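> One structure, as structure tokens, below. Some questions next.
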Amino acid sequence: MDASEIEHMIANGIPGARVEVRDYTGGGDHFEAVVVSESFEGKTLVERHQAVYNALGDAMRARVHALTLKTLTPAQHANRR
Amino acid sequence: MADVAEKIQSTINNNKIVLFMKGNRSFPQCGFSAATVEIFEQLGAPFETVDVLQDMEIREGIKRFSNWPTIPQVYINGKFVGGCDIVRELYESGELEPMVKQALAAGAGK
């Protein structure tokens, strides 16, 4: 599993999302993802993370040991800069 | 399976704050579980922990129960709050403390 594979899976599952994934140990199982999507507007953090987990499906359960998630709306992302 | 769900339900009903985690509060077996314990200790809030490594049924059962694929998982006042990232985010934004205080103040139950 590499970071770009995860990026694609999330982007496919959440159309229009901007996704950045980093493999922070280099071992192919610990990742950090920032996901920015309009669809997060009005959603709780739990709902946002669930949307990302759903996009990853079985890969999340079987192949990814740890995924640190930041889920932002475009407005929140702009404020972080 | 029904039994596991019932067991989980009764644990979160009977405790204001529950951490389903790997290991226990003195010896967390995973960095994310450790970070979550530390946040609740910082808040000085009493909390119950369930070591999922001790019980395979709970370990898998809690993932279905919460529709959440990872451990740790935090419940406050019977409500699923999230995993390590969300708890950390709520802590840093100052939202977690009032949630915890409110939960502990509500009712006289444990």
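> Please go through the stretch B:72-85 and pick out each residue that is facing another protein chain (nearest Cβ under 10 Å) and assigned to a loop (DSSP other than H, G, I, E, B). Show your work before the answer.
Start the filter on the stretch B:72-85 by keeping residues that are facing another protein chain (nearest Cβ under 10 Å), which leaves B:79-85.
Scanning the stretch B:72-85 gives a single hit, B:GLY83.
> Just to verify a result, which residue in the stretch B:1-20, among those that are in a helix (DSSP H, G or I), out of contact with any Phe, Trp or Tyr (no Cβ under 9 Å at 6 or more places or on another chain) and not polar (S, T, N, Q), is modelled with the lowest pLDDT? Working first, answer last.
Our first condition is that a residue be in a helix (DSSP H, G or I); within the stretch B:1-20, this holds for B:2-14.
Retained after the next criterion (residues that are out of contact with any Phe, Trp or Tyr (no Cβ under 9 Å at 6 or more places or on another chain)): B:2-3, B:6-7, B:10, B:13-14.
Filter once more, keeping what is not polar (S, T, N, Q): B:2-3, B:6-7.
Values: B:ALA2: 67, B:ASP3: 91, B:GLU6: 96, B:LYS7: 96.
In this case the residue turns out to be B:ALA2.
> Kindly indicate which of B:LYS79, B:LYS16 is surrounded by fewer than 13 Cβ atoms within 10 Å (Cβ to Cβ) and within 12 Å of the chain's Cα centre (by Cα). Before the answer, list the steps.
On the way: B:LYS16 fails: surrounded by fewer than 13 Cβ atoms within 10 Å (Cβ to Cβ).
Residue meeting the stated conditions: B:LYS79.
> Can you pull out the helices (runs of 4 or more DSSP H) entirely within the stretch A:1-72 that have at least 3 residues that are modelled with pLDDT of 95 or more and surrounded by fewer than 21 Cβ atoms within 10 Å (Cβ to Cβ)? Before the answer, list the steps.
Working: elements: A:3-13, A:45-56, A:58-62.
Those helices (runs of 4 or more DSSP H) span A:3-13, A:45-56.
> Is there a residue being within 17 Å of B:PHE65 (Cβ to Cβ), outside any helix (DSSP H, G or I), polar (S, T, N, Q) and in contact with an Asp or Glu (Cβ under 9 Å, 6 or more places away or on another chain) anywhere in the stretch B:21-40?
Taking the stretch B:21-40 as the starting set, the residues that turn out to be within 17 Å of B:PHE65 (Cβ to Cβ) are B:21-22.
Checking which are outside any helix (DSSP H, G or I) leaves us with B:21-22.
Those still in the list that are polar (S, T, N, Q) too: none.
No, the conditions are met nowhere in the stretch B:21-40.
> For the stretch A:65-81, give me each residue that is more than 13 Å from every other protein chain (Cβ to nearest Cβ) and either touching a helix residue (DSSP H, G or I) at 6+ places or on another chain (Cβ under 7 Å) or under 19 Å from B:ARG88 (Cα atoms) (or both). So that I can check it myself, show each step before the final result.
The initial filter retains those residues of the stretch A:65-81 that are more than 13 Å from every other protein chain (Cβ to nearest Cβ), namely A:73-75, A:77-78, A:81.
A:THR73, A:PRO74, A:HIS77 - these are the residues of the stretch A:65-81 that are more than 13 Å from every other protein chain (Cβ to nearest Cβ) and either touching a helix residue (DSSP H, G or I) at 6+ places or on another chain (Cβ under 7 Å) or under 19 Å from B:ARG88 (Cα atoms) (or both).
> Determine the pairs where a residue that is under 19 Å from A:VAL64 (Cβ atoms) and more than 10 Å from chain B (Cβ to nearest Cβ), located within the stretch A:26-52, has a partner that is among the charged types (D, E, K, R) and buried (at least 21 other Cβ atoms within 10 Å of the Cβ) with Cβ atoms under 9 Å apart, the partner being 6 or more residues away or on another chain.
Here the result reads A:VAL35/A:ARG48, each pair linking the stretch A:26-52 to a residue that is among the charged types (D, E, K, R) and buried (at least 21 other Cβ atoms within 10 Å of the Cβ).
Residues checked against (1) among the charged types (D, E, K, R); (2) touching a Gly at 6+ places or on another chain (Cβ under 9 Å); (3) more than 14 Å from chain A (Cβ to nearest Cβ); (4) crowded, with 19+ Cβ neighbours inside 10 Å:
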| position | (1), (2), (3), (4) |
| --- | --- |
| B:ALA45 | no, no, yes, no |
| B:VAL50 | no, no, yes, yes |
| B:ILE58 | no, no, yes, yes |
| B:PHE65 | no, no, no, yes |
| B:VAL87 | no, no, no, yes |
| B:LEU90 | no, yes, no, yes |
| B:PRO98 | no, no, yes, no |
| B:ALA105 | no, no, yes, no |
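> Now for a different question. Looking at the stretch A:55-64, which of its residues are facing chain B (nearest Cβ under 9 Å) and out of contact with any Leu (no Cβ under 8 Å at 6 or more places or on another chain)? Steps first, please.
So the first thing to find is which residues in the stretch A:55-64 are facing chain B (nearest Cβ under 9 Å), and the list is A:56, A:60-61, A:64.
Answer for the stretch A:55-64, where residues must be facing chain B (nearest Cβ under 9 Å) and out of contact with any Leu (no Cβ under 8 Å at 6 or more places or on another chain): just A:ARG61.
> Here is a list: A:MET1, A:MET9. Which entry is touching a residue at least 40 places away in the same chain (Cβ under 8 Å) and touching a Phe, Trp or Tyr at 6+ places or on another chain (Cβ under 9 Å)? It would help to see each step written out before you state the result.
Numbers: A:MET9 fails: touching a Phe, Trp or Tyr at 6+ places or on another chain (Cβ under 9 Å).
Answer to the selection: A:MET1.
> I would also like to ask the following. Does the stretch A:32-48 contain at least one residue that is polar (S, T, N, Q) and in contact with a Phe, Trp or Tyr (Cβ under 6 Å, 6 or more places away or on another chain)?
Filtering the stretch A:32-48 down to residues polar (S, T, N, Q) leaves A:37, A:39, A:44.
Imposing the further condition that a residue be in contact with a Phe, Trp or Tyr (Cβ under 6 Å, 6 or more places away or on another chain) reduces the set to none.
No, the conditions are met nowhere in the stretch A:32-48.
The values are calculated or read from the model by the stated rules, or taken from the named source; none is laboratory data. None of the values given here were measured: they were computed from a predicted structure. We place every Cβ from the backbone using ideal geometry, glycine too, and count neighbours over all the protein chains shown.
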